[in-house]
Amino acid sequence: MRILLNGMYFYPEVGGMEVHMLNLAIEFLRLGDRVEVVTSNSAKMGEKEVYKGILIIRTPFFGKNLLGWILTTLFSIPVFLKRSKKADIVHGHDIASILPCMIAKKFKKKPFILTLHSSHFIKLSENFIFKKYFRWGIKGADYVFAASKEIKEIANKLAPEKEVETIVNPVNTEFFSPWAKPIIRRKKGEFLLICPRRLVEKNGVQFLIEAMPKICKDKKVKLVVVGEGPLKDRIEKRIKELKIEKNVFLIGSLPNDKMPGLFVSGDLVVIPSLMEATSIAALEAMSCGKPVAASRVGGLVELIDEKVGFLMEPKNPEDIARKINLAFNNVNLLKKKGELARKKVISNWGLDKLVERHREVYLSFLKLSH
């Protein structure tokens, strides 16, 4: 089977959608399929690259803003149409992929699968113009996956007649495992928090920083924040104002192959988001046997409950501190939650099951088209 994937961002970019697409592509190849990806050149690399057997074709990128995304999508269409000629299936990931995939369906007669991923979809679904665009794409796709129940509900409101299946981001449970080698050393008696979040408003890292003085008050605690973003200067300034420079470390981005070692280094992984469609970072941490403290928002409540972690009120430093202190007061409970977290990921979101489901859908449309 020849599979053509499309997404605004892809490897080496790191994010839920990017990792989702990469995991699927690698597994499709392992099962004998041919995989190509048309994406933007947001990472400023070569126009073509073969990575782990995946042919990646990068088209011009015009910036991370609305005009940039529109221009990037338009400039990708000729390349995507050319590559779709020999594809059996075209699979678009998220909202920017709708237009090129719909054109490939109309002019190249290719089955079009759509996966809706992100908080951008949730946020823009109330906009009059985008609402019409999304409805057009959802109705036009041959099959629609949604990365969370919240996204599925929005898609169902936009196109009630269309079947939408929830399918959470897959996790490579062999790679993200409790047996990875830790990459952070810590002092005896010290608790380590890991926060794998880009420094943008919607990820809520600023509220975790506000909670840190209460978390550090009676315990030795270190917080390691992994991610870049426009809030970095503001957060660094606030860390100095709160006098917690010895407790909080912003280490920037890490490549994906370092993340298992990062997660197993910590006691608790914190996802303080204000909005979240789903969280591949939370799932990867759980797969590494770590409990997760997450905001009670969006798709996070579909992944995390009190058996495997802690749910916190968003934008509430007092509650964030209270839940994290509660976690550190019972080390045995933390360990048990982490063990149950890994079992939950293996049972529900293992990569093999989700790849199998994708191939079932692909093959059903290939049979119809022949």
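The values are calculated or read from the model by the stated rules, or taken from the named source; none is laboratory data. Everything numeric here is computed off the predicted structure, so don't read it as measured data. No Cβ is skipped: glycine too gets one built from the backbone with ideal geometry, and neighbour counts run over all protein chains shown. Just so you know, the surface numbers come from the protein's heavy atoms only, side chains and all, with ligands and any DNA or RNA stripped out. Shrake-Rupley method; radii C 1.70, N 1.55, O 1.52, S 1.80 Å.
Miscellaneous remarks
- Residue match in segment 20-43 (condition: in a loop (DSSP other than H, G, I, E, B), among the basic types (Lys, Arg) and open to solvent by 20 Å² or more (accessible area, probe 1.4 Å)): no
- Every residue from segment 166-183 that is open to solvent by 40 Å² or more (accessible area, probe 1.4 Å) and either touching a Lys or Arg at 6+ places or on another chain (Cβ under 9 Å) or of a type outside the set (Asp, Glu) (or both): Thr166, Asn172, Phe175, Pro178, Trp179, Lys181, Pro182, Ile183
- Filter pass, Lys307 being in a loop (DSSP other than H, G, I, E, B), under 26 Å from Pro182 (Cβ atoms) and at pLDDT 95 or above: yes
- Selection of first residues in segment 62-75 that are touching a residue at least 40 places away in the same chain (Cβ under 8 Å) and of second residues that are small (Gly, Ala, Ser), restricted to Cβ pairs under 6 Å at least 6 apart or on distinct chains, gives the following pairs, ordered by first then second residue: Trp69/Ala96; Thr72/Ser40; Thr73/Ala96.
- Residue within segment 275-282 that is in contact with a Gly (Cβ under 9 Å, 6 or more places away or on another chain) and at positive phi present: no
- Among (1) under 24 Å from Lys152 (Cα atoms); (2) in contact with a Lys or Arg (Cβ under 6 Å, 6 or more places away or on another chain) - the single one Gly289 does not satisfy: (1)
- Residue match in segment 296-305 (condition: open to solvent by less than 50 Å² (accessible area, probe 1.4 Å) and more than 17 Å from the chain's Cα centre (by Cα)): no
- Contact annotation: residue pairs with Cβ atoms under 6 Å, 6 or more positions apart or on different chains, pairing a residue in segment 154-175 that is more than 11 Å from Gly350 (Cα to Cα) with a partner that is assigned to a loop (DSSP other than H, G, I, E, B), are Ile154/Ser125.
- Count - residues of segment 129-153 that are more than 17 Å from Met17 (Cα to Cα), surrounded by fewer than 21 Cβ atoms within 10 Å (Cβ to Cβ) and of a type outside the set (Ser, Thr, Tyr): 10
- Qualifying residue in segment 100-115 (condition: of a type in the set (Ser, Thr, Tyr), modelled with pLDDT of 95 or more, under 29 Å from Glu150 (Cα atoms) and not in a strand (DSSP E or B)): no
- Boolean, Phe112 is open to solvent by less than 40 Å² (accessible area, probe 1.4 Å), without any contact (Cβ under 8 Å) to a residue 60 or more places away in the chain, within 23 Å of Ile54 (Cβ to Cβ) and of a type in the set (A, V, I, L, M, F, W, C): yes
- Helices (runs of 4 or more DSSP H) wholly inside segment 230-292 containing at least 1 residues that are open to solvent by 40 Å² or more (accessible area, probe 1.4 Å) and more than 29 Å from Leu124 (Cα to Cα): 232-241
- On inspection, Asn127 qualifies as free of Cβ contacts under 8 Å to residues at least 60 places away in the same chain and polar (S, T, N, Q).
- Whichever residue in segment 287-323 is touching a residue at least 60 places away in the same chain (Cβ under 8 Å) and of a type in the set (A, V, I, L, M) and, among such residues, is nearest to Gly16 (Cα to Cα): Leu303
- Pairs with Cβ under 7 Å, 6+ apart, first in segment 340-369 and open to solvent by less than 20 Å² (accessible area, probe 1.4 Å), second of a type in the set (Gly, Ala, Ser): Ala341/Gly289; Ala341/Gly309; Val345/Ser287
- Some residue of segment 57-73 being surrounded by fewer than 21 Cβ atoms within 10 Å (Cβ to Cβ), modelled with pLDDT under 95 and charged (D, E, K, R): yes
- Verdict on Leu81 being part of a helix (DSSP H, G or I), among the hydrophobic types (A, V, I, L, M, F, W, C) and either open to solvent by 60 Å² or more (accessible area, probe 1.4 Å) or without any contact (Cβ under 8 Å) to a residue 60 or more places away in the chain (or both): yes
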